[in-house]
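Structure first, commentary second.
Each value in this text was obtained by applying a stated rule to the coordinates, not by laboratory testing. Bear in mind that the values here come from a model prediction, so they are computed numbers and not experimental data. Positions of Cβ are backbone-derived with ideal geometry, glycine not excepted, and every protein chain shown enters the neighbour counts.
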Amino acid sequence: MDGLKDTTLYETDFYSWTREQAEFLKSGQFDRLDLANLTEEIETLGRTERAALMASYRLICLHQLKRMFQPERPESRSWTQTIVRERKNAESNLEDNPGLKPQKQALSRGPTNTRGVKRRRKPAWLHPPFR
């Protein structure tokens, strides 16, 4: 199949295109691969895995902040469940994709100097400008 036909199959029937590309790889028919689209799909897979890890970290941080800055609300069981679930998701993602570990390490370093920082009830930007 020429590049034009592969591109058409890619655009019209993605599943069949993936099966075809896998068969070309298995059989060593590298000259028949749709390299442009194959490259794009592989890059997208990597971005998807990183995005899933970052989404878990965002949810963990969001629910931790809710616990810290909403003391008037009793600790929500759903917040705790979300934190536990997303920690498990993040760890599973890191086990399956060890190349993402630098992402975790960069986030876990956090601020380098927190000495003298006072914890406020709520950040100033959460207070409404007029009461």
Exercise for the section: Name every residue in the stretch 62-89 that is of a type in the set (S, T, N, Q) and surrounded by 14 or more Cβ atoms within 10 Å (Cβ to Cβ), in order of residue number. Expected result: GLN70, THR82, ASN89
Problem - PHE24, sole failed condition from (1) touching a Leu at 6+ places or on another chain (Cβ under 6 Å); (2) closer than 21 Å to PRO102 by Cα - result: (2)
Completion exercise
Residue count, the stretch 13-46, condition surrounded by 12 or more Cβ atoms within 10 Å (Cβ to Cβ) and among the hydroxyl-bearing types (Ser, Thr, Tyr), comes to 1
Handout entry: Out of TYR10, TYR15, sole residue that is more than 24 Å from the chain's Cα centre (by Cα) and assigned to a helix (DSSP H, G or I)
Key = TYR10
Fill in the blank from the handout: For the stretch 47-61 the number of residues that are surrounded by 15 or more Cβ atoms within 10 Å (Cβ to Cβ) and either polar (S, T, N, Q) or in contact with a Pro (Cβ under 9 Å, 6 or more places away or on another chain) (or both) is 1
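Yes/no matrix, rows are residues, columns are (1) part of a helix (DSSP H, G or I); (2) over 25 Å from PRO102 (Cβ atoms); (3) in contact (Cβ under 8 Å) with a residue 60 or more places away in the chain:
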{"residue": "MET54", "(1), (2), (3)": "yes, no, no"}
{"residue": "GLN64", "(1), (2), (3)": "yes, no, no"}
{"residue": "PRO71", "(1), (2), (3)": "no, yes, no"}
{"residue": "GLN81", "(1), (2), (3)": "yes, yes, no"}
